[in-house]
Amino acid sequence: MDLKSYLAEKRALIDEALKDFMPEPEGPTGELISAMNYSLFAGGKRLRPILCIAGAEAVGGEEKDVLPIACALEMIHTYSLIHDDLPAMDNDDMRRGKPTSHKVFGEALAILAGDGLLTEAFNLMIRSDLPGKIGTVRFQEVITLIATAAGYRGMVGGQAVDIMMEGREVESSLVDFIHAHKTGALISVSVSSGAILGGGSKEEVATIALYGDKLGLAFQVSDDILDIEGDSEEMGKRAGSDTQKRKITYPSVQGMERSKKILKELVEAAVDSLKQFGDSADPLRQIAGYIIERKK
Ligand code: GRG
């Protein structure tokens, strides 16, 4: 399979579905909806929804089985980026190649756009026809996993520790904690929820969750490396901001050379965990490889 066309095809599908799910900016909340749509359609890679689809396909499912969940994951991710860019957090001016939400809409509306996307993501999942298709037990399992990964036990918790630890000396185990929670949790649940929705057995889902954990951590390590070696224009956001804010990153704790070695090992371990799967898991294998090469 050709990864580039796979990613382009899935990305177009997700963009289309997101457009159908999102309301038009009209009525008294028109400006808020515009702010939600501005960030959602600012040109993200759609990695999390693509992983959700690829997770389903690995176990024999299809993209139509997961589309509402895949789109909800992108909405949760976009909310986290809007809030992460706020002056109270990372205070960034550029995201996805465009001025950040608070730069365009003001701080209050940016906060509310994030809130709106997060809550609408759950609305979208609950409103879907998935309970009827996969049964309420599996459906509840997926919603619980996503809420856990997005909330204080996952992404929000990792972000809190990340912010509290800025500029401090930390053990390398705490770097793993921050990365696995702040970034890894949502990436991991994207792929494992896809496997559950695609009808995977308990064993298959557990294997895919293991892949997701390795990949999620690898993604953040690669992000740390890109912050130093990447090109701002290509990434659509300012490079060097981690160093400037004295963030806890892999290169700052492990050094650049070792961080690259760890990234390679994590990606190899992710691919290795998929041994029981045949060709159906090729997209997952190739996406893991892409994490090493990505430039944005
Ligand atoms: C504010 C609750 C809350 C959480 C924020 C995800 C996150 C936690 C912060 C983002 C900080 C950051 C840039 C982390 C690096 C990893 C990451 C999530 C990068 C952005 O994801 P991509 O590369 O972005 O998938 P696109 O724009 O392609 O969707």
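The values are calculated or read from the model by the stated rules, or taken from the named source; none is laboratory data. Worth saying up front: this structure is predicted, and the values here are computed from it rather than measured. For neighbour counting, all protein chains shown are included, and Cβ atoms are generated from backbone atoms with ideal geometry for every residue, glycine included. These accessible areas exclude ligands, DNA and RNA; they are computed on the full protein's heavy atoms, side chains included. Shrake-Rupley method; radii C 1.70, N 1.55, O 1.52, S 1.80 Å.
Laid out as a table, the results:
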item: Amide H partners (placed H, <5 Å) of residue 95, local residues excluded; result: 100
item: Computed Kirkwood radius, in angstrom, where 1/r is averaged over Cα pairs of segment 150-209; result: 12.5
item: Pairwise FRET efficiency - residue 170 versus residue 257, Cβ, R0 = 25 Å, nearest 0.05; result: 0.80
item: Low-density loop positions, trypsin sites (Lys or Arg not before Pro), segment 1-48 - DSSP coil, at most 16 other Cβ in 10 Å; result: 45
item: Range of Cα positions in segment 1-57 per principal axis (Å), largest first; result: 47, 19, 14
item: Alpha carbon convex hull of segment 177-296, projected area averaged over orientations, nm²; result: 7.5
item: Equivalent ellipsoid dimensions for the chain as semi-axes, Å, which come from the Cα gyration tensor, largest first; result: 27, 26, 17
item: Calculated from backbone phi, Karplus (6.51, -1.76, 1.60) coupling profile of segment 45-58 in Hz, x at Gly/Pro; result: 6, 6, 4, 5, x, 5, 5, 4, 5, 5, x, 5, 5, 4
item: Neighbour net charge for residue 98 - beta-carbon separation under 12 angstrom, K R +1, D E -1; result: +1
item: Distance in nm between pseudo-label sites at residue 138 and residue 9 (7 Å out along the Cβ direction from Cα); result: 2.3
item: Average silhouette area of segment 103-258, convex hull of alpha-carbon atoms, in square nanometres; result: 11.1
item: Per principal axis, descending, Cα span of segment 73-141 in whole Å; result: 44, 19, 18
item: Part-to-part distance (alpha-carbon centres) for segment 193-234 and segment 71-117, which is given in Å; result: 22
item: Charged-residue dipole, Cβ positions (Lys, Arg, Asp, Glu), the chain about Cα centre, Debye nearest 20; result: 240
item: Vicinal HN-Hα couplings computed from phi for segment 153-158 (Karplus, 6.51 cos²θ - 1.76 cosθ + 1.60; Hz; Gly/Pro x); result: 7, x, 4, 5, x, x
item: Calculated FRET value between residue 245 and residue 16, using beta carbons and R₀ = 30 Å, to 0.05; result: 0.25
item: Sorted largest first, extent of segment 94-175 alpha carbons per principal axis (Å); result: 49, 38, 22
item: Solvent-accessible area, 1.4 Å probe, carbon plus sulfur percent, for the chain; result: 54
item: Per residue value of the accessible surface for the chain (all protein chains in place, 1.4 Å probe), Å²; result: 45
item: 25 Å Cα-Cα threshold exceeded, pairs from 64/237; 64/296; 98/214; 4/245; 264/295; result: 64/237; 64/296; 98/214; 4/245
item: Cβ crowding within 10 Å averaged over residues, with 261-270, 48-57 ranked highest first; result: 48-57, 261-270
item: Environment charge at residue 199 (Cβ cut-off 12 Å; Lys +1, Arg +1, Asp -1, Glu -1); result: -1
item: Radius 14 Å from Cβ of residue 258, net charge of other residues (Lys, Arg +1; Asp, Glu -1); result: -1
item: Estimated 222 nm signal from helices in the chain, with DSSP H stretches of n ≥ 4 weighted -39500 (n - 2.57), rounded to 500; result: -22000 deg cm²/dmol
item: At q = 0.21 Å⁻¹, base-10 log of I(q)/I(0) for segment 219-273 (Debye sum, equal scatterers on each alpha carbon); result: -0.76
item: Rg/Rh for segment 1-99, where both radii come from Cα atoms and Rh is the Kirkwood radius; result: 1.02
